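What follows is one structure encoded as structure tokens, with my remarks underneath.
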Amino acid sequence: MMSITTTAASSPLCPAPVSRGGRRRCVVRAQAGGEADKSVEVMRKFSEQYARRSSTFFCSDKSVTAVVIKGLADHKDTLGAPLCPCRHYDDKAAEAAQGFWNCPCVPMRERKECHCMLFLTPDNDFAGEDQVISLEEIKEATSKF
């Protein structure tokens, strides 16, 4: 973590500095590769666990699974919630706060309908046989983006 100490009330780098011991400090967090991997790993583990609990399976094309998990991790980092990455939102922050489309979304929880094709019922033509995906598979599939 990097920190910047300022003496002004605010600056472009630190619009709302925190006062500590008479000095104003601003903490700037940069997401390094390790932190990004950590977020993806958290969403990977969540996805595997939820697939097992809900008796659903990942898509037979694992790149679909990888891209969705990466999108969920990115939204968790930027919005504070794993907002569905497969939908368009006029205001992502408001949607994340509302919670309807946070993974697992309401349609998934209520009817096992996953718009992203992350959690598929066994009768779905696109359902694979796996409920696991490795971090390496996710990295490889999303490295092009």
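The values are calculated or read from the model by the stated rules, or taken from the named source; none is laboratory data. For clarity, every value in this text was computed on a predicted model and none was experimentally measured. Neighbour counts are summed over all protein chains in view; Cβ atoms, including those assigned to glycine, are modelled from backbone coordinates with ideal geometry. Accessible surface areas use protein heavy atoms only, side chains included; no ligands, DNA or RNA. Shrake-Rupley method; radii C 1.70, N 1.55, O 1.52, S 1.80 Å.
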How many residues does the stretch 69-84 hold that are part of a helix (DSSP H, G or I) and open to solvent by less than 10 Å² (accessible area, probe 1.4 Å)?
3
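Name the residues in the stretch 66-94 that are farther than 23 Å from Val132 by Cα and within 14 Å of the chain's Cα centre (by Cα), would you? Don't jump to the end; show me each part of the working.
Here is the first cut: in the stretch 66-94, the residues farther than 23 Å from Val132 by Cα are 78-80, 87-94.
Scanning the stretch 66-94 gives Thr78, Leu79, Gly80, Arg87, Lys92, Ala93.
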Taking the stretch 124-145, which residues are more than 11 Å from Thr65 (Cβ to Cβ) and of a type in the set (Phe, Trp, Tyr)?
Phe145
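Rundown of residues vs (1) touching an Asp or Glu at 6+ places or on another chain (Cβ under 9 Å); (2) surrounded by 13 or more Cβ atoms within 10 Å (Cβ to Cβ), yes/no style:
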residue	(1), (2)
Gln49	no, no
Phe57	yes, yes
Cys86	no, yes
Glu95	no, yes
Phe100	no, no
Arg111	no, no
Glu136	no, no
Thr142	no, yes
The stretch 27-54 residues that are among the acidic types (Asp, Glu), paired with ones that are modelled with pLDDT under 95 (beta carbon under 7 Å, 6 or more apart)
none
